[in-house]
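The values are calculated or read from the model by the stated rules, or taken from the named source; none is laboratory data. These numbers were taken from a predicted model, which means no experiment stands behind them. FYI the Cβ positions are ideal-geometry reconstructions off the backbone, even for glycines, and counts take in every protein chain you see.
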Amino acid sequence: MARVTGDGTVGKALEVLDQVAAFGRPVRFSELLAQSAFPKPTLYRFVQTLTNQQMLAYDPDRQTYSPGVRLVRLAHAAWDQTTLAPVARRHIDALSKIVGETVHLAQLDHAQVLYIDKRNAGQPVEMYSQAGKVGPAYCTGVGKVMLAFLDSDAADNVIEQQSFHVFTEHTLDSADALRAELNDIRENGYGFDREEHEPGIICVAMPILSDTGRVLGALSVTSTTSRTNLAGLEAFVPVLQDTADKIKRDAQNWSFPDHTSKETTRI
């Protein structure tokens, strides 16, 4: 059942939008009602208002609701204005050509990793990560390198919210194991995904830090155990560092939203 926030009408409407989006497909009102914390008349009123405002779209033939065109426009504007993707695009392109493997760009979204850009390898490999998807922070290379360079209070807050679900035999399964890994990452300046989220998928990851040490995001070069190993990926550390530095320089005048707190600050 969907939760009800204490943020009044706006918060409740956003809960309905979240619920529709979570289905990942057009959804019938009856399906929404089955999972909603709202009574039927309240949910219907929200759905109708959101549809009238083009935040939801209604298909009368299928009798389904999906995210509307106005919401899509807002999403595109948010993507351009609050993520590193536009700043980093040309540098990600250049990195992809050099390494020939999958390249990811990510930021922290509260306690999760948000993948904001991706370049596929010359021989693409099917994997979970796609631009716009969120993933766990504790068992992904990009997540761990961002966690490692947060200030201690922010890091503690994010670590407390990790599920530590065991995806593979290599997954870090406790806060203590994660903290030990983060210490190693801080010492080395980069980190790895050792098949921790998906079997056969490995990566080397580099944080993108401002001149003051603020975490802006992270980069990774990802491959498979059938193509290479961690030592092979580690050879990309210099070009990863160079790319992170270029993105940082281009982002100097960019207003960066801190998704681990409620503040928005400049880097």
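Condition check: closer than 30 Å to residue 251 by Cα, loosely packed, with under 14 Cβ neighbours inside 10 Å and out of contact with any helix residue (DSSP H, G or I) (no Cβ under 9 Å at 6 or more places or on another chain). Does residue 34 satisfy that? No, not satisfied.
Report yes if some residue within the stretch 183-190 is on the phi < 0 side of the Ramachandran plot and touching a Gly at 6+ places or on another chain (Cβ under 8 Å); otherwise report no. Looking through the stretch 183-190, at least one residue is on the phi < 0 side of the Ramachandran plot and touching a Gly at 6+ places or on another chain (Cβ under 8 Å). In summary, residue 60 fulfils each of the numbered conditions (1) surrounded by 12 or more Cβ atoms within 10 Å (Cβ to Cβ); (2) farther than 22 Å from residue 106 by Cβ with the single exception of condition (1). The residue that is modelled with the highest pLDDT, among those in the stretch 73-91 that are aliphatic (A, V, I, L, M) and surrounded by 14 or more Cβ atoms within 10 Å (Cβ to Cβ), is 88. All conditions in (1) surrounded by 17 or more Cβ atoms within 10 Å (Cβ to Cβ); (2) modelled with pLDDT under 95 hold for residue 158, with the sole exception of (2). Could you please tell me which pairs satisfy a Cβ distance under 9 Å, a separation of 6+ or placement on different chains, a first residue in the stretch 31-57 that is acidic (Asp, Glu), and a second residue that is part of a helix (DSSP H, G or I)? Note: pairs meeting the criteria are 31/23.
Quick one: which strands (runs of 3 or more DSSP E) sit completely within the stretch 155-261 and have at least 2 residues that are among the charged types (D, E, K, R)? The strands (runs of 3 or more DSSP E) meeting that bar are 191-194. Kindly indicate whether residue 20 is over 30 Å from residue 251 (Cβ atoms), modelled with pLDDT of 90 or more and in contact with a strand residue (DSSP E or B) (Cβ under 6 Å, 6 or more places away or on another chain). Judged against the criteria, residue 20 is a match.
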